[in-house]
Each structure stands twice: as C-alpha cells, then as structure tokens.
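The values are calculated or read from the model by the stated rules, or taken from the named source; none is laboratory data. Keep in mind that this is a model prediction, so the values were computed, not measured. Reconstructed Cβ throughout: ideal geometry from the backbone, glycine too, with neighbour counts over all protein chains shown. When the accessible area is computed, the model is the full protein with side chains, heavy atoms only, and any ligands, DNA or RNA have been set aside. Shrake-Rupley method; radii C 1.70, N 1.55, O 1.52, S 1.80 Å.
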Amino acid sequence: MNEVIVEKKGRTTVVTLNRPEARNALTRAVLSGITEAFTGAAEDRDVRAVVLTGSGGSFCAGADLRKTFSDDPDVMNHLGEYLDSFHAVIRAIVRCPKPTIASVDGPAVGFGADLAFACDLRVASTRAYLQEKFVNIGLMPDGGGTFWLPRLLGTARALKAIFLADELAAKELDALGLVVSVVPPEELGAATMALAQRLEAGPPLAYQHAKQSVYAGLGDFEAALRREREGQMVLLKSKDALEGIMAWSEKRSPNFRGE
C-alpha cells in the first residue's frame, strides 16, 4: 500500500497521507514522501496549488512512536537526524511558492497539528480538531508550533494550547479565523477542491510574492525551528520524556519529576 498518495487534479497537487489504520501517523518513509511531494509540486510550473490531507477520517496523529522504535531500536542514538526529517517536511511546505491547503478531517494531533499550521490555508470538517499534545509525554512542539501558535492565536491562547494540550475543535478553529470554512465530512473533499480551483485561477506570481512577504514579516522561522530542535533534543533525553512515553504506552497517567 502506498502510504503517501500524490495525485494531480487539474492544476492542483493533492498529497494524501494513507495510513488509516494508524490515523495517518508519521514514519520516516511517510515524512520522506511528503517532502518529495511538496518539493516536486514547487518545481512543477503547471501546479498552482497543493493540498495536504489524510485518509480514513483522520488528518494526522503525529509521530508513530511505536513503529519508529520497532523499525529503529537505536533511534535515541541519532535523535538529531530523526528530528531533521520532520523539519524537512515543514520547510518543504513553508518554502513551497504555491498556495498550500490543509484539508483536515478528524484529528490533527502533535506534529499533525503543526503540519496543518504550516499550510497557508485550512479547510476543516465538523469533526476535525487540532491538538498540540506534546506536553502529555514530556515534550514540546517541534514542527514550528511555537512559531505559528502565537502568531495565529496570540500569546495567551498559544500557551493555553501548548500547556494544557486541549483540543481546538472545528467550531473554535472557525471562530478564531484559522480555517476558511467548516463543512460536513462528506463535503470536505469538494469544498477543498473548490478552494483549490479558485486559487488555480488566480495570479501565481502575485501569490508567490505575497506569501514570501507575509512570512518574512512574521520573523525568523528558521531560528524558531533551531530553538525547537535544541529544546526537543534536551527533552527527548530526559527522564520525564521516558516516563511520558512509557505511561502513554501503558495507558496510565505519567508521573513527571522534572528530571
């Protein structure tokens, strides 16, 4: 089964995460597939917009920790390389000169939420929610979440979302202006493609330069990724992170000690 499906629909590239049995959780292979898809779309002069979505009623449940440790028991010895593969995806999305759309159905959790925030626009189903869940296992957002959240939500709401790890449901996302529209799940695909077709008909050069100017005005995104990488490297080696991951695996509440 192809875990990342890349399709051309008109002048829009649609990138679909296709691991429904794992709520489209991310593996190294999936990360590589997303990066390649966005890089290819960026270089294709015929492409006017890029859509990122998930199959099976989920957008993305974040990193697949079980499969990661199963596939690579030695992952703790090369954490930097592991984090770099996640950041490569975010860079590919943010640097894409075409308008990007996250089509969010169901959960967008952890790094999945960061994927949605990295896109220029978002369309959500009524059952969609975004959740920065990192602190529940003793970690911090590491896909640009600490950069996007204060700018999209404001500092108070950003820290609430990060510290409390509560779900941001579709209705709240709409009220905060984070999504273009909220539609029933069965209408999400059509609503997303209608938005993409509207962008297809627009001026690609104007979109490209407007996007670059807006993002440049937000501050140094690369510096934010470096800070997240440094912080997450410390946290991933902490006893609290080990406790958080063990508690998650054992389906119990963690006992964090600040170590």
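Which net charge results for the neighbourhood of Gly33, defined as the other residues with beta-carbon distances under 12 angstrom from its beta-carbon, given Lys and Arg at +1 and Asp and Glu at -1?
Combined, the nearby Lys, Arg, Asp and Glu give 0.
Using only Cα atoms, figure out Rg for the stretch 1-132 and give it as a multiple of 2.2 N^0.38 Å.
The stretch 1-132 yields a ratio of 1.00.
Report in % the part of the accessible area of the chain that belongs to carbon and sulfur, leaving out ligands and nucleic acids; probe 1.4 Å.
So the carbon and sulfur contribution to the accessible surface is 54 percent.
State to the nearest 20 debye the size of the charge dipole of the stretch 1-65 about its Cα centre, where the only charges are +1 on K and R beta carbons and -1 on D and E beta carbons.
With only Lys, Arg, Asp and Glu charged at Cβ, the dipole is about 200 debye.
Per residue, what accessible area does the stretch 109-192 have, given a 1.4 Å probe and all protein chains present, in Å²?
40 Å²
If you add up the charges near Ser58, with Lys and Arg at +1 and Asp and Glu at -1, over every other residue whose beta carbon is less than 11 angstrom from its beta carbon, what do you get?
Details: positive: Arg19, Arg23, Arg127; negative: Glu21, Asp105.
Here the count lands on +1.
So with the 1.4 Å probe, I'd like the accessible area per residue for the stretch 58-104, rounded to whole Å².
So the stretch 58-104 comes to 37 Å² accessible per residue, rounded to a whole number.
For the chain, with a Gaussian network of springs between Cα atoms less than 10 Å apart, report the residue from Gly112, Gly54, Gly202 with the top mean-square fluctuation.
In this elastic network of the chain, the residue with the biggest mean-square fluctuation among Gly112, Gly54, Gly202 is Gly202.
How big is Rg to Rh over the chain, alpha-carbon atoms, Rh as the Kirkwood inverse-mean-distance radius?
Details: Rg = 17.6 Å, Rh = 18.5 Å.
Dividing the radius of gyration by the Kirkwood radius yields 0.95.
Where in the stretch 138-155 does the label zone of Trp248 land, with the point 7 angstrom along Cα→C-beta and an amide N cut-off under 18 Å?
From the stretch 138-155, the list is 138-146.
Over the chain, with a Gaussian network built from C-alpha contacts below 10 Å, which listed residue (Asp120, Asp74, Asp46) shows the highest mean-square fluctuation?
Highest fluctuation among the options: Asp74.
Of Gly112, Val123, Met140, which is farthest on the positive side of the dipole of the stretch 107-185, counting Cα position, with +1 on Lys and Arg Cβ, -1 on Asp and Glu Cβ, and the Cα centre as origin?
Farthest towards the positive end: Val123.
For every other residue with a beta carbon closer than 11 angstrom to the beta carbon of Asp44, add +1 if it is Lys or Arg and -1 if Asp or Glu, then tell me the sum.
Its environment carries a net charge of +3.
For the stretch 1-44 and the stretch 78-114, compute the distance between their C-alpha centroids and round to whole Å.
11 Å
Compute the whole-percent fraction of alpha carbon pairs in the stretch 22-78 spaced more than 14 Å apart.
Looking at the stretch 22-78, the distances longer than 14 Å represent 64 percent of pairs.
Restricting attention to the stretch 33-89, which trypsin sites (Lys or Arg not before Pro) occupy a DSSP loop and are surrounded by at most 11 other Cβ atoms within 10 Å?
Answer in residue order: Arg45.
Compute, for the chain, the length of the dipole vector about the Cα centre, with Cβ point charges of +1 (Lys, Arg) and -1 (Asp, Glu) only. Units Debye, rounded to 20.
It works out to roughly 440 debye.
How large are Rg and Dmax for the stretch 207-259 when calculated on the C-alpha trace, in angstrom?
17.8, 49
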